[in-house]
Amino acid sequence: MSTPKQVPDFFSLQDKYGVCRPVGEMTLERAVAAVDDALRYCSKNNIRGLLVNVSGTSGFPSPSLTDRFWYVTKWAETARGRVVLSMVAPPFMILPDKMGVTFAANRGLQSEVFLDEDEAAQWLCSVCKL
């Protein structure tokens, strides 16, 4: 678990928002934890937006609906309405109906998912007014 002074793995600051780019082979649980740590860091340090790009990860298949519900609920609890999440993922991980985004909205986490990091950054900046 990260504290405000400990910068999480895979985390950096880009302008006025945080960026989390986990890379390499890892379990789904490890990837989820990396995002959760970044959300916690942003929340505790008043960083309003977080862009996450999981395109560089491998080692797990596209998450099931149950997995998506689990990690989105976890992230929403961590963000506590203080952080907006913009996610970049490869096509095989994004459901056509973007059910993960719906789960997030229903849990109080404002989010969107994209194939392109530039689009994700533009959306995040427009939503957070950065």
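The values are calculated or read from the model by the stated rules, or taken from the named source; none is laboratory data. A quick note: this is a predicted structure, and the numbers were derived from the prediction, not measured. Note: ideal-geometry Cβ built from the backbone for every residue, glycine included; neighbour counts use all protein chains shown. What goes into the accessible areas is simple: the full protein's heavy atoms, side chains included, and nothing from ligands, DNA or RNA. Shrake-Rupley method; radii C 1.70, N 1.55, O 1.52, S 1.80 Å.
Could you list all residues from the stretch 33-54 that are open to solvent by less than 10 Å² (accessible area, probe 1.4 Å), among the hydrophobic types (A, V, I, L, M, F, W, C) and farther than 19 Å from V23 by Cβ?
Hit for the stretch 33-54 is C42, nothing else.
I need the full set of residues from the stretch 65-84 which are in contact with a Phe, Trp or Tyr (Cβ under 9 Å, 6 or more places away or on another chain) and of a type in the set (S, T, N, Q), in order please.
T73, the sole residue that qualifies.
Residue by residue through the stretch 31-46, note down the ones that are in contact with a strand residue (DSSP E or B) (Cβ under 8 Å, 6 or more places away or on another chain) and more than 12 Å from G81 (Cα to Cα).
Listed by number, the residues that qualify are A31, A34, V35, D37, A38, Y41.
Which pairs turn up if I take residues in the stretch 103-130 that are closer than 19 Å to L13 by Cα and look for partners that are charged (D, E, K, R) and buried (at least 16 other Cβ atoms within 10 Å of the Cβ) with beta carbon separation below 6 Å, at least 6 apart in sequence or on another chain?
W123/E112; C128/R48
Filter the stretch 102-125 down to the residues that are open to solvent by less than 30 Å² (accessible area, probe 1.4 Å) and β-branched (V, I, T) and list them by number.
Result: V113, single match.
What are the pairs, 6+ residues apart or on separate chains, where a residue within the stretch 40-59 that is under 16 Å from D15 (Cβ atoms) and of a type in the set (D, E, K, R) has its Cβ under 6 Å from a residue that is open to solvent by 50 Å² or more (accessible area, probe 1.4 Å) and at pLDDT 95 or above?
Once the first residue is under 16 Å from D15 (Cβ atoms) and of a type in the set (D, E, K, R) and sits in the stretch 40-59, no partner that is open to solvent by 50 Å² or more (accessible area, probe 1.4 Å) and at pLDDT 95 or above comes close enough.
Output the number of residues of the stretch 78-92 satisfying the condition of being without any contact (Cβ under 8 Å) to a residue 40 or more places away in the chain, touching a helix residue (DSSP H, G or I) at 6+ places or on another chain (Cβ under 9 Å) and either open to solvent by 70 Å² or more (accessible area, probe 1.4 Å) or in a helix (DSSP H, G or I) (or both).
1
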